[in-house]
Amino acid sequence: MNSDLLNQPWVLSGLLFAGGVVLGWIIDRVLRVWLLRWALTTPWHGDEVLLNAVRGVTWLWVSLMGLHLAVRFSPMHPDLVSLLHRTSEVLLILSVTLVLSRIVTGAFAVYAERISFRGSATVVPLLVRAMLFTIGGLVVLQTEGISIAPILTALGVGGLAVALA
């Protein structure tokens, strides 16, 4: 009886997705505890940046992997499968962009503290974060099949106009 239930595609898909979510939550907790222990043993402040960067994102990554497996074994309509795959790709790209943003801005904060940066320490991370999310958005558009060449051309012309002004 139990083996018949597991042979049902919707049950297997649901179990794979739920397993991915639960496994992602467990890995996120374990990784955070491991990184926190590591951070407490080192005098380097960069480990705190890494700890902050991966907070909550590993759960999303493993959950997306569970979603990918669940969709693969489900009897869904091909259009819905395509939509779920594209959505998971976009979420993955945006989460990687978020992690990179956290790492770069955290590294800048550590560096600014070390050199006693007297400038506006909030403007530089804001500009870097905006630049990284702009690049992430362009990658998402390119992944979705939208040509980014006109956007890059407009940004280049706009940058040239600002530089000459």
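The values are calculated or read from the model by the stated rules, or taken from the named source; none is laboratory data. Just so it is clear, the model here is predicted, and its values are computed rather than measured. All Cβ positions, glycine included, derive from the backbone under ideal geometry; neighbour counts span all protein chains shown. With ligands, DNA and RNA removed, areas are computed over all heavy atoms of the protein, side chains included. Shrake-Rupley method; radii C 1.70, N 1.55, O 1.52, S 1.80 Å.
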### Query
Going by the structure shown, is THR58 modelled with pLDDT of 85 or more, within 16 Å of the chain's Cα centre (by Cα), crowded, with 18+ Cβ neighbours inside 10 Å and under 16 Å from PHE17 (Cα atoms)?
yes
### Query
Yes or no: LEU91 among the hydrophobic types (A, V, I, L, M, F, W, C), within 19 Å of the chain's Cα centre (by Cα), under 22 Å from ALA130 (Cβ atoms) and open to solvent by 80 Å² or more (accessible area, probe 1.4 Å)?
no
### Summary
Condition set more than 24 Å from the chain's Cα centre (by Cα) and open to solvent by 100 Å² or more (accessible area, probe 1.4 Å), scope region 7-49, selection modelled with the lowest pLDDT: answer is ASN7
### Task
Could you figure out which of (1) closer than 26 Å to VAL96 by Cβ; (2) outside any helix (DSSP H, G or I) isn't true of ARG129?
(2)
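Conditions tested, residue by residue: (1) modelled with pLDDT of 85 or more; (2) aromatic (Phe, Trp, Tyr); (3) closer than 14 Å to ILE93 by Cα.
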residue: ALA112; (1), (2), (3): no, no, no
residue: PRO125; (1), (2), (3): no, no, no
residue: VAL128; (1), (2), (3): yes, no, no
residue: PHE133; (1), (2), (3): yes, yes, yes
residue: VAL140; (1), (2), (3): yes, no, yes
residue: ALA165; (1), (2), (3): no, no, no
### Neighbours by Cβ (under 8 Å, 6+ apart or cross-chain): first from region 138-158, under 19 Å from VAL96 (Cα atoms); second open to solvent by less than 60 Å² (accessible area, probe 1.4 Å) and assigned to a loop (DSSP other than H, G, I, E, B)
LEU138/ILE148; LEU141/ILE148; GLN142/ILE148
### Task
State whether one or more residues within region 119-129 are more than 18 Å from the chain's Cα centre (by Cα), among the charged types (D, E, K, R) and open to solvent by 70 Å² or more (accessible area, probe 1.4 Å).
no
### Task
List every residue pair whose Cβ atoms sit under 6 Å apart, with the two residues 6 or more apart in sequence or on different chains, where the first one lies in region 39-60 and is within 23 Å of TRP25 (Cβ to Cβ) and the second, anywhere, is polar (S, T, N, Q) and part of a helix (DSSP H, G or I).
VAL57/SER95; LEU60/SER95
### Summary
In region 144-165, anything open to solvent by 60 Å² or more (accessible area, probe 1.4 Å) and either touching a Gly at 6+ places or on another chain (Cβ under 9 Å) or under 22 Å from HIS85 (Cβ atoms) (or both) is listed as GLU144, GLY145, ILE146, SER147
